[in-house]
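Peer 1: Take this structure first; my questions come after.
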Ligand code: HEM
């Protein structure tokens, strides 16, 4: 999540977004509309019932992972391969991170709806432990969103801001590994998101020493 002119790896200033419709706040707005529309289309076709709510939970878990990884990997990918798409990703990492929070907001709304309309099914899918762990995830997401605001990041100071956002991002990364990982025995396809998450770790670690401005320079 890139916030307040820096990002989770502290690689320097977020460059100004050009005025394109697919940048910055407009990108965030489009993604938000897309996420809400996706949930409504699922509910309209699968039904406003347990099956529909479960489909929304699963769909938003996947959109959340995609958006999270886009923000999480933006700087590393620019360092690895400077190009127009990685520059776009890097420029928009802050709004992609915020769209991840919106996606997980829809996940939470569907969870609450399922828990209130069909508690029996809800408790076969969730447990006290999963609520504590998932709840901690939501607190961290709220913290990362809060650090997006200039006033809070200034109050924290650059060093603390960096520590909070880095630890928070890796905590969310671990949650995705855990929640997908525990589903592997039931369905081998969950190996795919886990493998992608492990690959993202490798990319982050391999590129951590490359200064972002070198990647920028290579492009210019
Ligand atoms: C109190 C918090 C949370 C609760 C109660 C919760 C509940 C659930 C439930 C019930 C499902 C299964 C839906 C189904 O199979 O029909 C699910 C799926 C999932 N959740 Fe959440 N969740 C929470 C927070 C989170 C967080 C913080 C993350 C990640 C950062 C997350 C990621 C996922 C993933 C990856 C799946 C699997 C989706 C799939 O099958 O592809 N959840 N969640």
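Each value in this text was obtained by applying a stated rule to the coordinates, not by laboratory testing. Not measured: the values here are computed from a predicted model. Positions of Cβ are backbone-derived with ideal geometry, glycine not excepted, and every protein chain shown enters the neighbour counts.
Peer 1: Hey, what angle do you get for helix 128-146 against the long axis of the chain, alpha-carbon based, 0 to 90 degrees rounded to 10?
Peer 2: On a 0 to 90 degree scale, this one is about 30.
Peer 1: Right, next: If packing is taken as the average count of other Cβ atoms within 10 Å, what order do 89-95, 185-191, 65-71 fall into, highest mean first?
Peer 2: Going from most to least packed, we get 89-95, 65-71, 185-191.
Peer 1: Right, here's the next one. How many angstrom lie between the Cα centre of segment 136-208 and the Cα centre of segment 76-135?
Peer 2: With segment 136-208 and segment 76-135 each reduced to a Cα centre, they are spaced 10 Å.
Peer 1: Same structure, new question: For the chain, what is the calculated [θ] at 222 nm in deg cm²/dmol (nearest 500), taking -39500 (n - 2.57) for each run of four or more DSSP H residues and dividing by its residue count?
Peer 2: Only helices count here, giving -25500 deg cm²/dmol.
Peer 1: Still on this structure: Restricting everything to alpha-carbon atoms, can you work out Rg to Rh for the chain with a Kirkwood hydrodynamic radius? Write out the running numbers ahead of the final one.
Peer 2: Details: Rg = 18.0 Å, Rh = 18.3 Å.
That ratio is 0.98, to two decimals.
Peer 1: A follow-up question, please. Can you compute log10 of I(q)/I(0) for segment 23-145 with the Debye formula, treating each Cα as one identical point scatterer, at q = 0.12, 0.13, 0.19 Å⁻¹?
Peer 2: Log10 I(q)/I(0), no solvent term: -0.50, -0.58, -1.03.
Peer 1: Still on this model: Using Cα pairs under 8 angstrom and six or more residues apart, how large is the relative contact order of the chain, in percent?
Peer 2: 29 percent
Peer 1: Taking Cα atoms, how many degrees apart are the long axis of helix 24-46 and the longest axis of the chain, rounded to 10 and kept between 0 and 90?
Peer 2: Helix 24-46 and the main axis of the chain meet at about 20 degrees.
Peer 1: Further question on the same structure: If you wrap segment 127-220's Cα atoms in a convex hull and average its projection over all directions, what's the area in nm²? Before the final figure, lay out the partial values.
Peer 2: Working: hull surface 33.9 nm².
In nm², the orientation-averaged hull projection of segment 127-220 is 8.5.
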